[in-house]
Structures are given as C-alpha cells and as structure tokens.
Amino acid sequence: MDVSSIKNPSFIKDLSNQELEQLSSEIRKFLIETCSITGGHIGANLGVVELTLSLHKHFNSPIDKIIWDVGHQSYIHKILTGRGHEFNSLRQYKGLCGFPKTKESRHDVWEAGHSSTSLSAAMGMAKARDILGNTNHVVPVIGDGALTGGMALEALNHIGHDKTNLTIILNDNEMSIAPNVGAMHNMFGRIRTNHNYNRFKFDAESFMNRLPGGDRLRVSADKIKDSLKYLVVDGIFFEELGIKYIGPVDGHNFKELDEAINTSKQINKPVLIHVVTKKGKGYKPAEVDTIGTWHGLGPYKLETGEVIKGNEEGPAWSALMSNQVLEYAKQDKRVVAITPAMPVGSKLTKFQQELPDQFFDVGIAEQHAVTMAAGLATQGMKPYVAIYSTFMQRAYDQLLHDVDRQNLNVLFGVDRAGLVGADGETHQGVFDVGFLSQFPNFTIMMPKDGNEAIDMVNTAFKTDHGPMAIRYPRGNAPMLRDTKEHEILDIGTWTYERKGSNLSLISYGPTVNFISDIADELLKEGINVNVINARFIKPMDFEMLHELGKESMPIITIEESMLTGGLGSQIATFLKDHDYKNVLRRIGIDNEYIEHGDVDLLLEDIGISKAKIKSLAKSLIK
Ligand SMILES: Cc1ncc(C[n+]2csc(CCOP(=O)(O)OP(=O)(O)O)c2C)c(N)n1
Ligand SMILES: CC(=O)[C@@H](O)[C@H](O)COP(=O)(O)O
Ligand SMILES: [Mg+2]
C-alpha cells in the first residue's frame, strides 16, 4: 500500500491483525526513507507504529481525543490522518510541522513540543466532556520520560482523586532522549520484570469482569486481586492513586493491545495502560542506539544509518561550554553540572563519565533542576545548569523566587538561544532575554564566538556575582583566535568591533560577526558605521550608551529574540529616559511565534538579512 495516499484512519477498523502488521512494515519503510532526507524524531516514531494503529482502530478520532505528549512521536498519526503526501516537507520551511498542529488537521486536538502537558490537557478535555454531557474517550499518550515531568505528576494526583474517566497510555521504551533516569524509571523496570504476575493479573481481571453475578462477586474478586497485588506487585503506585493499572502490554503485539484497550473501555474511571515498546524498532542503527542519537537527528544515509554532517566549523557550542565547565569542575569539586534530561543535546556526557559524582541528570524536571541548583549554591557550591532556552521557560518562578531573589551564584548555560530551525515555534529560544532581563540580580551574556564564551565561563567562576546566564545558539562556535589566557570580563561592558561616524549597529552573540560583515560592505559604499558587541545584555554598558546618546547618531539594534523586553527595547528606554534624541530602529521578532524551517530563511523573514539591514542603514543616514 502507498501509505502517503492514506486520507483518513477509518479503514483501519476493518483490517485484520495480520493486515495491520503488513501496514506497520510499510509505514516503517516510509518513515525510515523520508526521515533519511528530512531528518526528524525517527526513533520515537518507529517505536509507536503498532500503538498508533491500534489507537486509531479502537478510538474514533477526532471525536475521541488522542493527545500526544511532547508530540514528537505523532508522525504515524499524521500519516493516518491524511498528511503522508506532505512528508517530504517535514520540519522544512512552510512544510509539515514535526509536532501536532491544530491548523494542519482536526485530528490534532492538542499542540505540544514541550513535555508532560498531555495529562493536564486530557483532564481538561474530559471535564469539559462530562460537564457538556458528551461520551467521547480521552486518550493521552505519554512516554516514560515525560511521565517524570512535574506537571504529569501533578495531573496524576488530580486525576486519581477525581476519578475522571480517561485512558492513559504509558509508552514505556526505557528511554527519555538518553536512557531514562529516576525512581519512577526503576519502578517501571520492576513492573516489567514482574511480567508474569502482571500477565496473570491482567487475565484474571478480564475474566472477572466477564463474570455475571453483580457487584458482590466483583467486590470479593477485587479484594482477592488487591491482596495479591500487595504481595507481589511493585507497581501499585497507580492503583494507590486511584488509577486502574493494566499491563505491561507488548506494544508491538496487536492482540495484546486489542485486549488491553477493550478492557479499558469497560472501566468507567481512569485507566493507565502500560505499553512496552522498543524505540527505533525496525531500523537496526536506531534499535541498537543506547545513547539517544536516534531520538531526533538530521538526514542520514539510509543503508548505513551514518549521520550526514553539514558544514560544521568549530566545536559545537554545547560541547565547548560543557567541556569548559568540566575543566573548572576537575579543579574544584564545588563545581557541579545539572541537566534536566538533556545530557546528549547539552553535550554533558563527557562530564558525566569523568565526574559522575559532580553530575546530575534530574529527568524532565526544569523547575527542580533550577531550585536544586539554588540549594547547592546556598552551601557554597558552584552549580552549572545547562538548559535549553525554551525549556527554561518552565522554571520562570524558580529562577526568580529561588535563584535571583536570593542572589545566588548559579551559572546557567542557556543552550539553543535564538532560532533553532526544524523544531519550530515550541522550541525557539527567543523569550529568555525578555524574562531574565526583568530580574534585578541576573547578569546575562552572549558570546560572539567560542573564545568569548571561554572568557565568560571564566568570569562566572572567578567572580561571585550572583546568578549569571551565558546564552549560546544551536550549532557550532567560530573560534576566532588562539585562547591561552582566559580573561575576566568587566561586567556590564560592551566593545567596539569597529568605530564609525555615520550610524551604530548594536547586537550580541554571533550576530555581531554578521553585522561586522555588513559594516564591511557598507564601508565599500562610503558608509562608516560603529559595530558594537553588546556582550552583556544585562547590565548594559551605560557609559557607552551615554557616549552614543551624546553623539546622537542613528542606532539599529539587531537581535534574534523577541523585541518586547529585548536589548533594543531596553536601549530605547534608556535613551528616552535620558532625553537623548537618537533615531533608533529595532530589528527582531515582533509579537509573533516563529515556525519551523531553515534558520536563514526565518531570519530573512524577521529582517535579519544583509540586504534589509543595509537598506535600513542607508535610509536612516539620508
Ligand atoms: C519541558 C521539556 N523538557 C525537555 C524536553 C526535551 N525532550 C523532548 S522528548 C524528551 C524525552 C521524552 O521521553 P519519553 O517521554 O519517554 O518519549 P520517547 O522519546 O522515549 O518516546 C525530552 C527530554 C521537552 N520537549 N520538554
Ligand atoms: C522533542 C524535543 O524537545 C527534543 O527532542 C528536541 O527536538 C531536541 O532538540 P535538539 O535537536 O536541538 O537537541
Ligand atoms: Mg521513552
């Protein structure tokens, strides 16, 4: 079957399990081929082929609400709901999104990208159903990694208490991006090991549910099961919360999935079906991956699984930062590194191997990561939290209430700062400047190159200056000079990359190098501009700002960030507050979400392009 021609999932209901197995193979082949060109979250999707088919067989989407946690594993759902023919545009500019998108399909009833939201969303949808007198099913699908997120646990607490009718699918593949961690993960391991007992329990329950004889028989049967459960089962966690546990179920076996889902439908209260799957199933390189490389990646060679490298010059920003911190940690055991489930992306695996006692992977728990760092800092430790800008949003109050208010020495490596490209609007790192700038004690830096990043790490560890954030983008860091001596930077100072007399271009991060190139081109046309590296976004260089105000040349600020609360807005406020009359134009993201696609194309859209900046500069000088 040509899976790209599927229009809607209704045909699945008529297929035998043998036919579904055949369809599973065809879908896997299609996914492996298309993702080899587009890249994507292939590992997670290969693991849920049978599960997705089964859900669409037993539930009636979109009346029944299938909610994908994180949403990175929704490709099969997209294919079944008529989007297979668009897969060559997956995660590309103006193409199919890598996460559920309501505007793409009425079957995408919930949008995500960040983890652990599905249970709360499901609870909301189920309560709406009950209040409005509807009868549809609500089916959140949450991974073993996502279930470690605080929000998911808050939701379980509420769901169990409220006894809301929900069918929770726990997709347990033992992996987060990296191997999953934590006590919950250990508990799932024990449940999987107790498989025999659980099979018995599952069979006994279906048997008892089929028996006639009314409530009395059912009550005594429940009592037998309960006492047995206390004797043998580790996984009473969910049942104790008031959520019926079914499983573990082989997530690649249609018969087992059929049984479990059919049983769940007979129970009018919250049910959790524990489905065990294999991440990467059906593609050898992804199946044998124990690190997390195949969770999500760019294009690869189909035959070998070899990842196709781009034009990467210089070290990855994340590696540069993590290895630099590692050097300090080797000398000083007070330096510890914390990651909320991103050791692979944040390139902390070397740190983890070399200094396991100074390393903490806390799971998908950004709030806990930040407050734990605050706790460490109160004891004179020097914690480094590597955290993606987008996921830092989860910890707004912890950054404010726990770290900044107590003015604690915590260093944040704000990874994936700026536009990230293929992951799109849920993942762009464009809000942190705005919200961190509000906090009185925070110092915010962004290096233009790898050398400056090294100086910034040095500055952070050599000064006790309260909370500090070093932002750095996805991709690779240019190394512009040999670094032997590490500087301590004067906090709140900017530098002139070049001096001019017609206009000032101000930016931070690698964009500074980009505007230096623009300045070169303008010079050839007789326009001589200041290029200013605002390496400290907070505090700003007030001395230089007064200088610029007095010179009263026009200013253009350029930032890969939201305009509201951004550097340009803060400069505008400063100039106005001090009655300077400079004409100022801000280039950045103006009150909108930026979708997925090639970063250069996205930058062009927001006005960060050579042509646009040059033309604006010329118009201001006239
Ligand atoms: C709040 C938040 N933190 C971190 C991430 C990054 N992230 C995306 S998927 C993932 C692992 C999810 O593991 P699991 O739920 O088990 O799904 P699997 O990929 O194993 O199917 C992580 C850490 C995220 N999307 N959101
Ligand atoms: C779905 C998710 O949140 C992560 O898998 C994310 O896509 C990782 O991004 P990087 O590829 O930039 O590490
Ligand atoms: Mg998992």
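Just so it is clear, none of the values below were taken in a lab; they were calculated from the coordinates. These figures come from a predicted structure and were not determined experimentally. Ideal geometry is used to build each Cβ from the backbone, glycine not excepted, and the neighbour counts take in all protein chains shown.
Can you pull out the trypsin sites (Lys or Arg not before Pro) in the range 158-198 whose DSSP state is coil and whose Cβ has at most 14 other Cβ atoms within 10 Å?
Working: sites: 163, 190, 192; in loops: 163.
Within the range 158-198, the qualifying trypsin sites (Lys or Arg not before Pro) (loop, at most 14 other Cβ atoms within 10 Å) are 163.
All C-alpha pair distances within the range 495-621, sorted into 10 Å bins from zero, spread as 13, 47, 33, 6, 0 percent across the bins. Relative to the current alpha-carbon distance between residue 306 and residue 258, full extension at 0.36 nm per residue lengthens the span by 13.6 nm. By how many degrees, between 0 and 90 and to the nearest 10, does the Cα long axis of helix 150-162 differ from the longest principal axis of the chain? Tilt of helix 150-162: around 40 degrees. Can you tell me the 0 to 90 degree angle between the C-alpha axis of helix 118-132 and the longest principal axis of the chain, rounded to 10? Here the helix axis deviates by roughly 60 degrees. In the chain, the convex hull through the Cα atoms has an average projected area of 30.8 nm², a quarter of its surface area.
Is there a quick way to get the dipole size of the range 317-471? I mean about its Cα centre, with the Cβ of Lys and Arg at +1 and of Asp and Glu at -1; what is the value in debye to the nearest 20? Spell out each step's value before the answer.
Working: 12 positive and 17 negative charges, 47 e Å.
Value, rounded to 20: 220 debye.
Segment residue 21..residue 619, full-extension length gain: 208.9 nm, with 0.36 nm per residue of separation and the alpha-carbon distance subtracted.
Separation of the alpha carbons by more than 27 angstrom is noted, of 65/279; 78/269; 103/255; 309/618, for 78/269; 103/255; 309/618.
Amide H contacts under 5 Å for residue 39: 300, restricted to partners 5 or more places along the chain or on a different chain, H placed in the peptide plane at 1.01 Å from N.
Just tell me which lysines come within less than 26 Å, Cα to Cα, of residue 333; anything on the same chain fewer than 8 places away is out. Filter leaves 347, 350, 382, 462, 484. The chymotrypsin sites (Phe, Trp or Tyr not before Pro) found in the range 530-622 that occupy coil by DSSP, while having at most 15 further C-beta atoms within 10 Å, are 593. Multiplying the residue separation of residue 488 and residue 13 by 0.36 nm and subtracting their alpha-carbon distance yields 164.4 nm.
With loop defined by DSSP as not H, G, I, E or B, and exposure as at most 11 other Cβ atoms within 10 Å, which is the longest segment of the chain clear of exposed GluC sites (Glu not before Pro)?
Values: sites that count: 303, 306, 312, 313, 485, 525, 592.
Maximal segment without exposed cleavage sites: 1-302.
Against the globular-protein guess of 2.2 N^0.38 Å, express the Cα radius of gyration of the range 317-471 as a ratio, rounded to two decimals.
Numbers: Rg = 13.9 Å, N = 155, 2.2 N^0.38 = 15.0 Å.
So the Cα radius of gyration is 0.93 times the expected 2.2 N^0.38 Å.
Calculated FRET efficiency, residue 60 to residue 88, Cβ-Cβ distance, R0 = 41 Å: about 0.90 to the nearest 0.05.
Between residue 495 and residue 269, the FRET efficiency estimated from the beta carbon spacing at R0 = 60 angstrom works out to 0.40.
Listed by chain and number, the lysines whose alpha-carbon sits under 26 Å from that of residue 612, ignoring those within fewer than 8 places in the same chain, are 94, 448, 499, 524, 576, 581, 622.
Under a straight-distance cross-link criterion of Cα-Cα below 20 Å, which aspartates and glutamates are reachable from residue 614, leaving out those fewer than 8 residues away in the same chain? The reachable aspartates and glutamates, counting only those whose Cα sits under 20 Å from residue 614, are 497, 517, 520, 521, 525, 559, 560, 590, 600, 604, 605. Under the simplified labelling scheme, the residue 158-residue 513 pair shows an inter-label distance of 4.6 nm, with each label point 7 Å from Cα along Cα→Cβ. Distance distribution note for the range 1-80: the fraction of Cα pairs above 20 angstrom is 27%.
Amide H to amide H, with H built 1.01 Å from N, residue 509 comes under 5 Å of 446, 448, counting only residues 5 or more places away or on other chains. For residue 497, the residues whose amide H sits under 5 Å from its own are 531, 532, 533, ignoring neighbours fewer than 5 places away on the same chain, with H placed 1.01 Å from N.
Working note: Karplus 6.51/-1.76/1.60 with θ = phi - 60° gives the range 502-513 the couplings 9, 5, 10, 9, 10, 8, 9, x, x, 4, 4, 5 Hz, where Gly and Pro are set to x. Modelled spin labels at residue 528 and residue 236, positioned 7 Å past Cα toward Cβ, are 8.2 nm from each other. With only alpha-carbon pairs counted, each pair once and no self-pairs, how large is the Kirkwood hydrodynamic radius of the range 97-137 in angstroms? After inverting the pairwise mean of 1/r, the radius is 11.4 Å. Sparsely packed loop sites in the range 515-604 (the trypsin sites (Lys or Arg not before Pro) outside DSSP H, G, I, E and B with at most 11 other Cβ atoms within 10 Å) comprise 581.
Taken one residue at a time, the phi angles of the range 438-443 give Karplus couplings (6.51, -1.76, 1.60, θ = phi - 60°) of 6, 7, x, 9, 5, 9 Hz. Gly and Pro are set to x. Across the range 353-364, coupling constants 3J(HN,Hα) worked out from phi with the 6.51/-1.76/1.60 Karplus curve, θ = phi - 60°, read 5, 7, 10, x, 6, 10, 10, 9, 9, 9, x, 6 Hz, and Gly and Pro carry x.
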